[in-house]
Amino acid sequence: MDKVRQIRLAKDAMDRDWADPELDLGAVAAHAGYSRYHFLRAFKEAYGETPGQYLTHRRIERAEEMLRAADLSVTEICHLVGFSSLGTFSARFKARTGLTPSEYRSKNVGRGAALIPGCYAMLWAGGFPRATTAKSTATLKKPPAPAAAYRDKEQPPDDPSDDRRAEP
């Protein structure tokens with residue numbers, strides 16, 4: 001496989017899985033079939049920035065969209081776009097846009113579509129975290145079998161006495 005195509009596969013993986021906080025240099029390099037450090041050099045040569053910088057830009061672009069369009073807190077957006085630290089998210093966001101996430105939201109809210117309710121945005125992003133309680137881990141009982149269909153066990157279908165049509 002050609003070098004550019006391998007790097008493109010890894011870039012596509014970053015574009016697809018940008019919100020995964022577990023996405024790291026090793027995982028992305030594996031998509032390209034490179035070692036971590038060889039991939040880092042090859043990616044920077046091909047795209048002019050490191051894979052980490054590229055992924056951070058993707059995440060901040062998505063955060064900008066959510067800040068303009070979703071009714072979620074900055075912390076929720078931080079975690080939805082793949083940052084695990086609010087401080088890191090805010091610092092990187094400000095370095096990229098020149099504004100803190102809250103300032104960005106106050107300046108840009110209302111531009112475009114109406115705000116999406118937070119519950120819909122959370123479901124779109126993969127749902128709410130599941131609580132591991134006894135109820136959620138309990139095995140569910142099978143639903144009861146459907147009731148017998150009309151004439152299944154009562155009478156054979158050719159029985160003329162079961163003709164329920166109206167008399168002429």
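Translational diffusion of the range 1-62, estimated by Stokes-Einstein from the Kirkwood radius over alpha carbon pairs at 4 °C in a medium of 1.567 mPa s, is 114 µm² per second. Maximal additional length on extending the Ser102-Glu45 stretch stands at 17.0 nm, based on 0.36 nm per residue less the C-alpha distance.
With every protein chain present, what accessible area does Ile7 have (1.4 Å probe, heavy atoms only), rounded to the nearest 10 Å²? Using a 1.4 Å probe on the heavy atoms, I get roughly 0 Å².
Round to the nearest 0.05 the FRET efficiency obtained for His38 and Ser73 when R0 = 35 Å and r is the Cβ-Cβ distance. Could the numbers behind the result be given before it?
Details: r = 40 Å, r/R0 = 1.14.
That gives a FRET efficiency of 0.30.
Computed over every Cα-Cα pair of the range 35-95 and binned at 5 Å starting from 0, the pair-distance distribution P(r) comes out as 4, 18, 25, 18, 13, 12, 6, 3, 0 percent. Taking other residues whose beta carbon is less than 10 angstrom from the beta carbon of Ala27, and scoring Lys, Arg as +1 and Asp, Glu as -1, yields -3.
Taking amide H positions as modeled 1.01 Å from N, with prolines and chain starts lacking one, the residues under 5 Å from Ala70 and 5 or more places away or on another chain are Ile116. Shown in residue order for the range 25-31 are the 3J(HN,Hα) couplings computed by the Karplus curve 6.51 cos²θ - 1.76 cosθ + 1.60 at θ = phi - 60°: 4, x, 5, 5, 4, 5, 4 Hz (x for Gly and Pro).
The values are calculated or read from the model by the stated rules, or taken from the named source; none is laboratory data. Keep in mind it's a predicted model, so treat the numbers as computed, not measured. Positions of Cβ are backbone-derived with ideal geometry, glycine not excepted, and every protein chain shown enters the neighbour counts. SASA here: full protein model, heavy atoms, side chains in, ligands and nucleic acids out. Shrake-Rupley method; radii C 1.70, N 1.55, O 1.52, S 1.80 Å.
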